[in-house]
Amino acid sequence: MIMFVKYTLFILLVAFVIGAAYYSFASRRSADPVDRGLKKSFMNMLLGAMLLTLAMMSMFLYRGSTVGIIVEAAFLLIGIFNLFSGLRSFGHFSRLKMAAEDETSVTSAGSKR
């Protein structure tokens, strides 16, 4: 059972790293600031999930030394902060995008008259 958990955490870690790298490159190539913010916030959530996964992996792989516990706690705290920060940013930029889309639909409907 422990081996299943270790392999699952490793697969999740690889998926989070690949996703964060993809959204990092995508956010840098985006010209629209709102899309860039959305992609960076999603990347931030993936990095937070990666840090949480790293903390859980270290809990399962290594025995409880003082340094290991301090590193695990630091990864947990930073991961939770990144996850929360990414969720907050994602909400902010998604509301901006919806407002911009509503504004363009109202403007285009007004110009058709």
Open item on the list: So for the range 1-60, averaging the separation of alpha carbon pairs under 8 Å that are six or more residues apart and normalising by length, what relative contact order in percent results?
Closed with: 45
Task: Calculated [θ] (222 nm, deg cm²/dmol) that DSSP helices of n ≥ 4 give over the chain, each run adding -39,500 (n - 2.57) - done: -33500 deg cm²/dmol
TODO: Please report, as a whole percent, how much of the solvent-accessible surface of the chain comes from carbon and sulfur atoms (probe radius 1.4 Å).
DONE: 71
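From largest accessible area down, sort Arg63, Arg28, Arg95; use a 1.4 Å probe on the protein chains.
Numbers: Arg63 215, Arg28 175, Arg95 150 Å².
Per-residue accessible area, sorted high to low, gives Arg63, Arg28, Arg95.
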Open item on the list: If you take Rg/Rh (Cα atoms, Kirkwood Rh) from the coordinates, which of (1) 1.20; (2) 0.96; (3) 1.54 do you get?
Closed with: (1)
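The values are calculated or read from the model by the stated rules, or taken from the named source; none is laboratory data. As the structure is a computational prediction, the values presented were derived from the model and not from experiment. We work out accessible area using only protein heavy atoms, side chains counted, and drop any ligands, DNA or RNA first. Shrake-Rupley method; radii C 1.70, N 1.55, O 1.52, S 1.80 Å.
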